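The values are calculated or read from the model by the stated rules, or taken from the named source; none is laboratory data. Nothing here was measured: the structure is a model prediction, and the numbers come from that model. With ideal geometry, Cβ positions are generated from the backbone for all residues, glycine too; neighbour counts draw on all protein chains shown. To get the accessible areas, we keep the full protein, side chains included, count just its heavy atoms, and leave off ligands, DNA and RNA. Shrake-Rupley method; radii C 1.70, N 1.55, O 1.52, S 1.80 Å.
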Amino acid sequence: MATVTAEPRPWLAPTASAPVSTVVRLPGSKSMTARALILSALSDGPSVIERPLRARDTELMAAGLRALGVAIDTTDAERWPVEPGPLRGPARVDVGLAGTIMRFLPPAAALAEGVVEFDGDPHARNRPLRPIIEALRSLGVSIDASATGGLPLTVHGAGLVEGGEAVIDASASSQFVSGLLLSAPRFTKGLVLRHEGPPVPSAPHLRMTTHMLRAAGAAVDESVPDVWTVEPGPLTGRTWVIEPDLSGAAPFFAAAMVTGGAVTLAGWPAESWQPVGRLAELLTSLGAEVSQGPEGLTVRGTGTLRGITADLSEVSELTPVISALAALAEGPSELRGVAHIRGHETDRIAALAAELSKAGAGITEFPDGLRIEPQPLRATSFETYADHRMAHAAAVIGLAVPGVNLTDVACTSKTLPEFPELWAGLVARS
């Protein structure tokens, strides 16, 4: 299946000559937008998604649902009406490089009448999918997959999924669990899903899934560890107000820390479904001051960056930016608990080890993370591996190190198309 990606665009990361102090307004959370799209598509009435993220991943998710018969109007960037309809094939879904699409949409496609084909970017075929495919097969869904158990795959939708009980090893991605739970209310018998294996990473994303399911009217029981029970029943159309993207804000907060400035993320809610507490703990340990007030969430640099020892398993999306801060810190850091990010847009552990080493940092690579020994950093060509988070890490290092050239900044369009302009403006105002 052909897929359209942004043309690679080399970019010289701007270097800050003074503290960065600004207020940033960022688009909505990718994770919340993706879940809201699925729940709205499966509801029994219309929904509205307010302040969604408009980026490659969410546009492709909307396009995939449209192919299945859902009416989604993305004309207005601030308000997306969603009108559910009978799901049907034949349809073809381009997942791009998005884990959310390749793991959230096949269970929904199983509820459609007809054949639904999935494929995406070349590297998408390397991302793990086998656990969710095997779980769906155990529930009676007919799926053809590649020899590796992943993309390209074809779901032969029968118009319903019987549901019942399934066992899954979700240690490679919490999205395996979320993908099944989001469609489970529409399964005839609902779903009792049991995880067996090493711990499931990114627990805050699972909590976001169950919170949003309940907000749509689903009955979800997660009182037993590693077991999720979703009762069959209708989902209610509603208005979803999407929070600013916390992971997308991380490089901007890092800019305050690297330069000794202050960055406020405007529009931050008093109560959040994202792991803001864990982010605050990490940034504070690294040397920042974090506060929340009516104006938003503010991170202040203190002029000091400290090395840390941290388990990032709950907030693995932050690993590249935290690694960049660690490379600029005064002492060594050890970041562990993120073996599963080897299966993200690229093998992020190996990629970070290679690029930070090229920049001059002392790196020890572990199966589940990195030890980073700060050393004088130098100009380098920083390979981004078509991975938006790698580009964010390079931009953070470039604040303090002149001559950091990103091989491709266009990959940031995956979640924040405006990133190069926002970042350059941030530095220009310093």
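List of remarks:
- Computed from point charges on the beta carbon alone (+1 for Lys and Arg, -1 for Asp and Glu), the dipole magnitude for the chain about its Cα centre is near 320 Debye.
- Note on the chain: dipole from Cβ charges, positive end direction compared against T154, L139, V230; the farthest Cα belongs to T154.
- Gyration tensor verdict on region 152-221 (Cα atoms; rounded if a/c is under 1.5, prolate if a/b is larger than b/c, oblate otherwise): oblate
- Phi-based couplings in Hz for region 119-125 (Karplus 6.51, -1.76, 1.60; Gly and Pro marked x): 7, x, 4, x, 6, 4, 5
- Cut-off under 5 Å, modelled amide H: who pairs with V115 long-range: G89, A91, G157
- Prolate/oblate/rounded label for region 324-404 (Cα gyration tensor, a/c 1.5): oblate
- Structural descriptor for region 167-316: relative contact order 21 percent, calculated from alpha carbon pairs under 8 angstrom and at least 6 residues apart.
- Solvent-accessible area, 1.4 Å probe, carbon plus sulfur percent, for the chain: 52
- Protein heavy-atom accessible surface, 1.4 Å probe, per residue over region 1-76: 41 Å².
- Cα convex hull of the chain - mean projected area over all directions, nm²: 18.1
- In this structure, the amide hydrogen of E345, modeled 1.01 Å from its nitrogen in the peptide plane, lies closer than 5 angstrom to no residue at least 5 positions away or on a different chain.
- Reachable aspartates and glutamates from K189, criterion Cα separation under 13 angstrom, eight or more residues apart if same chain: E162, E165, E231
- Karplus-derived 3J(HN,Hα) values for region 262-270, using 6.51 cos²θ - 1.76 cosθ + 1.60 with θ = phi - 60°, are 8, 10, 10, 8, 6, x, 6, x, 5 Hz; glycine and proline are entered as x.
- Amide H contacts for L235 (H built 1.01 Å from N in the peptide plane; partners 5 or more residues away or on another chain; cut-off under 5 Å): D44.
- Solvent-accessible area per residue in region 101-204 equals 34 Å², computed with a 1.4 angstrom probe and all protein chains kept.
- Karplus-derived 3J(HN,Hα), 6.51/-1.76/1.60, for each residue of region 298-313, Hz, glycine and proline x: 10, 10, 10, x, 9, x, 10, 10, 9, x, 9, 10, 8, 9, 9, 4
- Compared with the rule-of-thumb size 2.2 N^0.38 Å for a compact globular protein, region 81-188 has a Cα radius of gyration ratio of 0.98.
- MRE, 222 nm, helices only [DSSP H, n ≥ 4, -39500 (n - 2.57), over the chain, to nearest 500]: -9500 deg cm²/dmol
- Relative contact order (%) - criterion: Cα under 8 Å, at least six apart; region: region 332-430: 21
- For the chain, share of DSSP beta bridges that run antiparallel, in % to the nearest 5: 65
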